[in-house]
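Below is one structure; the comments refer to it alone.
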Amino acid sequence: MANPLFDTLFGQHHGSEAVFLQLADGQTVSYDAFLKMAAQYAAQLTDFGLVAGDRVAVQIAKSPQALAVYAACAQAGLVFLPLNTAYTADEVSYFIENSGAGALLCYDTKVAHLRPVAESCGARIETLNADGSGSFSALAKEQPDQFDTVARSAEDLAAFLYTSGTTGRSKGAMLTQGNLLSNAQALKAEWRFTAEDVLLHALPIFHTHGLFVATNITLLAGGQMIFLPSFKLDEVIAQLPMATTMMGVPTFYTRLLGDARFTKSLVAHVRLFVSGSAPLLAETHIQFEQRTGCRILERYGMTETNMNTSNPYEGERRAGTVGFPLPGTEIKIIDSISGAPLPQGEIGEIEVRGPNVFKGYWQMPEKTAQELRSDGFFLTGDLGRIDPDGYLHIVGRNKDLIISGGYNIYPKEIELLLDVEEHVLESAVIGVPHPDFGETVVGILVADGTGEPDLGAIQSNMAKSLARFKHPQRLFVLPELPRNTMGKVQKMALRAQFQDLFSK
Ligand code: MCA
Ligand code: AMP
């Protein structure tokens with residue numbers, strides 16, 4: 001096949017007048033119209049001088065046009081690099097420099113901030129706004145609506161998704177066409193997606209969950225998506241009666257359960273609710289079933305690996321577990337220190353191998369070698385155990401990571417900024433339980449003895465550098481940080497101390 005990802009997901013729909021996207025305002029976009037727009041975008045990106053393998057970074061709102069940039073990259077053999085719309089110009093600058101992107105698409109309102117960095121890196125910068133307007137779409141309108149698909153193989157790169165690291169430096173996870181396609185094929189079959197499905201899509205499209213899991217499966221099946229700009233409770237409740245499936249992070253489901261309009265009759269046509277990206281509390285799972293009669297299907301994945309495991313479509317969806325390895329994917333539980341496999345039932349670090357596992361971190365061979373073994377197993381940093389029936393339970397993390405509302409936040413990135421604040425000797429950033437986001441960020445500071453840290457000024461400095469969802473919700477000053485005999489900060493002790501900060 002000339003271009004496995006494009007041909008299989010998108011190309012199969014050429015000429016189809018079937019609806020692909022339903023928008024909140026009632027408008028629809030057919031597969032054919034979508035593919036024509038993508039072809040124009042592919043031609044425009046090619047006219048910029050981009051060639052197969054070049055990176056296209058986008059920080060743009062969720063829209064049919066934004067999704068068409070993904071399709072255009074697949075068709076032109078370019079590497080799609082989506083960025084969280086909440087990232088500050090500082091954060092985006094790092095991604096552009098690190099990836100060596102050849103083009104950056106952003107909003108009109110951000111172009112002034114981002115132009116200097118784009119130009120210094122030699123990246124072409126154009127705009128694409130939430131309503132589809134912008135310099136990029138204006139140029140692309142003049143292009144033909146047919147484009148000769150660029151030949152690629154399953155081994156070629158399709159996307160870079162940046163994922164933070166425990167060192168505070170984000171790493172570009174290189175995903176191949178084969179990674180994305182194999183996962184979409186496995187999930188479509190496991191979750192029984194067909195052309196009859198209408199997926200309620202309220203996730204962002206700059207992460208694996210909303211971009212690959214939700215979108216690629218729908219494309220493969222030839223179904224429709226109710227494509228909402230973001231998760232807004234009233235809108236989701238209004239659209240649910242038209243949907244057959246929904247995917248979300250646990251916050252979606254706890255918010256729905258908190259609303260009396262969310263009833264069994266409202267979701268009578270929904271055959272499947274999928275949850276992932278963060279742990280779904282067993283309590284939420286049970287309440288959901290009591291309210292709707294449906295059991296949420298929980299699955300487990302990572303940016304580097306796409307989806308690894310899933311609860312069964314038929315058979316027991318077991319609360320508090322993430323189910324079984326997907327076909328073709330292997331899971332091993334190992335001793336983190338010796339690396340030896342552990343007997344079934346014991347807790348250890350989860351390793352995963354399969355066609356879903358990425359190619360490595362962009363220009364970070366050492367990091368890649370640390371996390372991706374030569375035998376193909378990837379160290380997830382998650383701790384788990386497999387129960388006697390084969391269900392995987394995630395019981396914790398061997399990595400310092402906070403997951404807030406489904407967004408990953410690496411404490412190190414925030415600590416590095418806090419540590420250089422005036423009168424701060426050192427800091428520790430922890431995640432504490434939060435009723436809406438699951439976990440939220442709290443910063444603990446130790447003063448350096450020259451004066452009191454100004455917490456208000458520190459918060460505003462954080463706002464300049466970090467996306468809103470990473471900001472510490474609270475800052476505290478302690479005389480010292482708890483440490484073990486090796487001198488390592490005991491974050492468990494800090495989490496225990498602050499665990500009730502946001503309790504209901
Ligand atoms: C928004 N805020 C947040 C978050 N989202 N703060 C912490 N954590 C968040 N996740 C901030 C807003 O900027 C705002 O700040 C304040 O919190 C309240 O905003 P609100 O309107 O309530 O939030 P929202 O806009 O409704 O967003 C919450 C959300 C959203 C719907 C849960 O965060 C979301 O869509 N999350 C999904 C993330 C996701 O797709 N993750 C998948 C990663 P202020 O009031 O100061 O302005 S992929 C992945 O993890 C792997 C591969 C996997 O397995 O899927
Ligand atoms: P990311 O780096 O955004 O890809 O996030 C991946 C991490 O999210 C995993 O390593 C897990 O720690 C977590 N995760 C994803 N799905 C689940 C789940 N169903 N239950 C618990 N944690 C999850």
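At-a-glance table
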item: Cα-centre dipole for the range 1-160 with unit charges at Cβ (Lys and Arg positive, Asp and Glu negative), debye to 20; result: 120 debye
item: Radius, Kirkwood style, for the chain when every pair of distinct Cα atoms is counted (Å); result: 23.7 Å
item: With at most 16 neighbouring Cβ atoms within 10 Å, loop GluC sites (Glu not before Pro) (DSSP) excluded, longest segment of the chain; result: 18-141
item: Using θ = phi - 60° and Karplus 6.51 cos²θ - 1.76 cosθ + 1.60, couplings along the range 53-68 (whole Hz; Gly, Pro as x); result: x, 6, 8, 10, 8, 10, 10, 9, 5, 5, 6, x, 5, 4, 5, 5
item: Protection proxy ranking of 483-489, 402-408 - average other beta-carbon atoms within 10 Å, highest first; result: 402-408, 483-489
item: Trypsin sites (Lys or Arg not before Pro) restricted to the range 42-144 and DSSP loop, no more than 15 other C-beta within 10 Å; result: Lys141
item: Under-5 Å amide H pairs with Val58, H placed in peptide plane, nonlocal only; result: Leu81, Leu83, Leu105
item: Computed [θ] at 222 nm, helices only, for the chain once each DSSP H run of length n ≥ 4 contributes -39500 (n - 2.57); result: -8000 deg cm²/dmol
item: Ordering of 175-182, 372-379 by packing [mean C-beta count within 10 Å, highest first]; result: 175-182, 372-379
item: Cα-centred dipole magnitude for the range 157-259, charges only on beta-carbon of K, R (+1) and D, E (-1), debye, nearest 20; result: 420 debye
item: Within the accessible area of the range 263-376 (1.4 Å probe), percent carbon and sulfur; result: 54 percent
item: Backbone HN-Hα couplings from phi across the range 20-37 [Karplus 6.51/-1.76/1.60, Hz, Gly and Pro as x]; result: 9, 10, 10, 9, 4, 7, x, 5, 10, 10, 7, 4, 5, 5, 4, 5, 5, 4
item: Net +/- balance of residues flanking Gly102 in space, Cβ distance below 10 Å, scoring K and R +1, D and E -1; result: +1
item: Reachable aspartates and glutamates from Lys171, criterion Cα separation under 13 angstrom, eight or more residues apart if same chain; result: Glu91, Glu97, Glu304, Glu366, Glu371, Glu413
item: Other-chain or far-sequence residues with amide H under 5 Å of Phe48's (modelled H); result: none
item: Mean accessible surface per residue for the chain, computed with a 1.4 Å probe while every protein chain stays in place, in Å²; result: 40 Å²
item: Highest average packing first - 242-248, 28-34, Cβ atoms within 10 Å; result: 242-248, 28-34
item: Table column - 3J(HN,Hα) (Hz), the range 133-140, Karplus curve with 6.51, -1.76, 1.60, x for Gly and Pro; result: 6, x, 5, 5, 5, 5, 5, 5
item: Surface share of carbon and sulfur [accessible, 1.4 angstrom probe, percent] for the range 81-142; result: 53 percent
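The values are calculated or read from the model by the stated rules, or taken from the named source; none is laboratory data. Note that the coordinates shown come from a computational prediction; the quantities given were computed from them, not determined experimentally. In this analysis, Cβ positions are derived from the backbone assuming ideal geometry, glycine residues included, and neighbour counts consider all displayed protein chains. Accessible surface areas use protein heavy atoms only, side chains included; no ligands, DNA or RNA. Shrake-Rupley method; radii C 1.70, N 1.55, O 1.52, S 1.80 Å.
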